[in-house]
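Engineer: To start, I am sharing the structure in question, which I have written as structure tokens.
The values are calculated or read from the model by the stated rules, or taken from the named source; none is laboratory data. What you are looking at is a predicted structure, and each value in this text was computed from that prediction instead of being measured. Here the Cβ positions follow ideal geometry from the backbone for every residue, glycine too, while neighbour counts run over all protein chains shown. Only protein heavy atoms, including side chains, enter the accessible area calculation; ligands, DNA and RNA are left aside. Shrake-Rupley method; radii C 1.70, N 1.55, O 1.52, S 1.80 Å.
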Amino acid sequence: MHRRYREHDARVVMDLDGIWDFAFLGDVDPETVDVAAIRFDDRMAVPGCFDATPAYASLRGLVAYRREILLQDATPHRLWLAGVHHWCRVLLDGEHLQDHAGGFTRFAVDVRGHKAGTAELVVLVDSRFDYERSPLHHEYFDWYQFGGIARGAELHRLGSQWIDAVQVVTQSISPPEIQVTISHGAVAAPGELGLTLSVDGKILLTEGVNLTTFSGTMVRTMTLPDATLWSPASPNLHVLDVRLGDDDVRTRFGIRQVTVRDQQILINDEPVKLLGFNRHAAHPEFGHAIPEMVMISDVQQLLDMGCNFVRGSHYPQDARFLDLCDEAGICVWSEAIGWQHTAEHLTDPHFIDAQLAGIDEMVAADFNHPAVIMRGILNESHSHDPACRPGYETLLGHLRDLDGSRPVTYASNHPFEDVCLDLVDILSVNCYPGWYGSEIERIPDEIDRIVAALDPEHAEKPLIISEIGAGAIYGWRDWNGARWTESYQARLLETVIRHLFVDRDRVAGLAIWQFCDCRTSEAVRKILGRPGGFNNKGVVDAYRRPKQAYDAVKRAFHALK
């Protein structure tokens, strides 16, 4: 969970990344496991995906990770796990602390009542598909879901009082003004404490606060006359340092406002055309545990192609990748995990509750990232089925309740029958003309038909083509230029970009499917339509080697600037 800036100064933080003890337990029930009897006979990297390693390639099952941690004293500590796939159980010295479901979100495990000194931390991790334990992960999803502790770990000493979270919202861009919400906790009502807020090293507020409860929130508003705004063209960032009593939190933020109006997406009242890709956080050698060098390479390639937009498909992205997007001016669609859910799921309280919990964790993790300009849910689910509408209302409403500063959306592949589009701020449509069932020459007509169907009721809303593309096998080139060749993919994407941004001006953004090839589901029906077991619609392959479409998109995007 290493960040691009130091998040704490006064608080003691122990980095738990590294080599842990490891055991593959296999197809066993977690409830029957005697942790004390586990034979840890191997080692595994954290962060890392065990099933991306040679010894455990493609294996699913229950595994165990173990390492020693140091509790500084007997006051509360907090373990942060940034992403564990798909379900886990956390134990300390054999004591069950907490279970968690959902692989792509950061969550906390509180440690209380333990004496100071070393302790044995064990994390049981289950990568099997089990709807009861982990209702957000399904075998039919069109990407391979790796297992393990994929996004790192930290141990925080909280002490007797602490800051739980700091959230920054831009209240005004002229003059620059921010609202800061501070959530705090304590083992007992702390009474009088000092509060100091600094931005970029300059103290802007200092006062005494009387806290008479164990937990609560406080809100402060500050004008920053010398601050500069964040935008894709000028991604200026600032650092807020909050000190409350003996604890501190440092968070980076950008001053910017996102609005939608008259078919446009605006950042700081300036229209922006979003040009970019869907991106899976996946790699054949590392699974979901993408090393920082690969993240940097991804951002460099996106910028080289002229992109200013990434849709995090189809789950929340790593905070380190969001940090890089903040710095590069790449706008991000942050999306809760989901893929082609039906009424069976969207009418099930168990599924809805899991979605709500995942949304809570997603929003908490990415709230202060200015690059995150919009949020979404439920990719390609049955938004055309009236039975699913209450589920969409609940989840989209929850997103708005948690954060009213960003527009919300979902990607629909049912634009002609959709019954939920009135619930969103931005229309987003997945379509594949020229690939499934028609030829490249039909792309303009099919896109125009979608727009014509949407505009009678939603003409004022911005429209994003949230998926469109074609498969291409890296290195396959022949005289025919047919499907699966690099030249076919390049020609299709050139046609799409020309029609969307030259021949007409209805769309506010494009997220090409997809940036990099990625491994797909093990389900036979998926693999038979995915050569090599990969979704090959990337403009770079799984190892980030560019195809012909890379240069085609680069020429087209740069010509639009």
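Engineer: Restricting to Cα atoms and excluding each atom paired with itself, what does the Kirkwood estimate give for the range 344-438 in Å?
Structural biologist: Roughly 14.1 Å, rounded to one decimal.
Engineer: If the cut-off is a Cα-Cα distance under 12 Å, which aspartates and glutamates reach Lys547, setting aside same-chain residues fewer than 8 apart in sequence?
Structural biologist: Counting by Cα, and skipping residues close in sequence, Lys547 has these aspartates and glutamates nearby: Glu486, Asp517.
Engineer: Does a label point 7 Å from the Cα of Arg133, set along Cα-to-beta-carbon, have any residues of the range 29-59 with amide nitrogen under 13 Å, and which are they?
Structural biologist: 29-34
Engineer: Can you tell me the Rg and Dmax of the range 285-345, counting just the alpha carbons, in angstroms?
Structural biologist: In Å, with Rg to one decimal and Dmax whole: 13.4, 43.
Engineer: Next up: Using 0.36 nm per residue of separation minus the Cα-Cα distance, give me the extension gain between Arg112 and Asp93 in nm, one decimal.
Structural biologist: Difference between extended and current length: 5.6 nm.
Engineer: Okay, moving on. Explain nothing, just compute: Karplus ³J(HN,Hα) = 6.51 cos²θ - 1.76 cosθ + 1.60, θ = phi - 60°, for every residue of the range 311-319 in order, whole Hz, x for Gly and Pro.
Structural biologist: Rounded to whole hertz, the list is 9, x, 9, 10, 5, x, 8, 4, 4.
Engineer: Beta carbons within 10 angstrom, averaged per residue: use that to sort the peptides 308-320, 30-42, highest first.
Structural biologist: 308-320, 30-42
Engineer: If you rank Glu68, Glu327 by how much accessible surface each has, with a 1.4 Å probe, what is the order from largest down?
Structural biologist: Reading off the accessible areas and sorting them downward yields Glu68, Glu327.
Engineer: Describe numerically, in nm with one decimal, the distance between label points set 7 Å from Cα along Cα→Cβ at Glu31 and at Ile173.
Structural biologist: Between Glu31 and Ile173, the label points sit 5.4 nm apart.
Engineer: Same structure, new question: Which whole-angstrom value gives the distance between the alpha carbon centres of the range 467-527 and the range 105-126?
Structural biologist: First find each Cα centre; the distance between them is then 45 Å.
Engineer: Something else now. Ordering Asp51, Asp9 from largest to smallest accessible area (1.4 angstrom probe), what's the sequence?
Structural biologist: Asp9, Asp51
Engineer: Now, a different point. Using the Kirkwood radius over Cα pairs, work out the Stokes-Einstein diffusion coefficient for the range 371-492 at 25 °C and 0.890 mPa s, in µm²/s as a whole number.
Structural biologist: On the way: Rh = 16.0 Å.
D, rounded to a whole number, is 153 µm²/s.
Engineer: In addition: Relative contact order, percent, of the chain when contacts are C-alpha pairs under 8 Å separated by at least 6 residues?
Structural biologist: Result for the chain is 12 percent.
Engineer: Take the Cα atoms of the chain, find their three principal axes, and give me the spread along each one in whole Å, biggest first.
Structural biologist: Projected onto the principal axes, the Cα atoms of the chain cover 70, 59, 43 Å.
Engineer: Show Ser234, Ser334 ordered by accessible area, largest first, where the area counts protein heavy atoms only and the probe is 1.4 Å.
Structural biologist: So, going from the largest accessible area down, we get Ser234, Ser334.
Engineer: Excluding residues fewer than 8 places away in the same chain, name every one of the aspartates and glutamates whose C-alpha is closer than 19 Å to that of Lys561.
Structural biologist: Asp269, Glu270, Asp304, Glu494, Asp503, Asp505, Asp551
Engineer: Amide H of Ser172: which non-local residues (sequence gap of 5 or more, or other chain) have their own amide H closer than 5 Å, using H built in the peptide plane?
Structural biologist: Close amide H contacts, sequence-distant or interchain: Glu177.
Engineer: Sum up the charges of everything whose Cβ sits under 12 Å from the Cβ of Asp541, counting Lys and Arg as +1 and Asp and Glu as -1, but leave Asp541 out.
Structural biologist: With Lys, Arg at +1 and Asp, Glu at -1, the neighbours total +3.
Engineer: Note down the Stokes-Einstein diffusion coefficient of the range 114-244 in µm²/s, whole number, using a Kirkwood radius over alpha carbon pairs, 4 °C, and 1.567 mPa s.
Structural biologist: D = 68 µm²/s.
Engineer: Oh, and also: If you average 1/r over all unlike Cα pairs in the range 1-72 and invert the result, what Kirkwood radius do you get in angstrom? Working shown, then result.
Structural biologist: Details: mean 1/r = 0.0691 Å⁻¹.
For the range 1-72, the Kirkwood estimate is 14.5 Å.
Engineer: What length, rounded to one decimal in nm, is gained on full extension from Ala188 through to Asp478, with 0.36 nm per residue of separation minus their alpha-carbon distance? Each step should come with its number before you reach the end.
Structural biologist: On the way: separation 290, 0.36 × 290 = 104.40 nm, distance 7.24 nm.
Contour length minus the Cα-Cα distance gives 97.2 nm.
Engineer: What list of ³J(HN,Hα) values in whole Hz, one per residue of the range 163-180 in order, does the Karplus curve 6.51 cos²θ - 1.76 cosθ + 1.60 (θ = phi - 60°) give from phi, with Gly and Pro shown as x?
Structural biologist: Coupling constants for the range 163-180: 9, 7, 7, 10, 10, 10, 10, 6, 8, 8, 9, 8, x, x, 9, 10, 10, 10 Hz.
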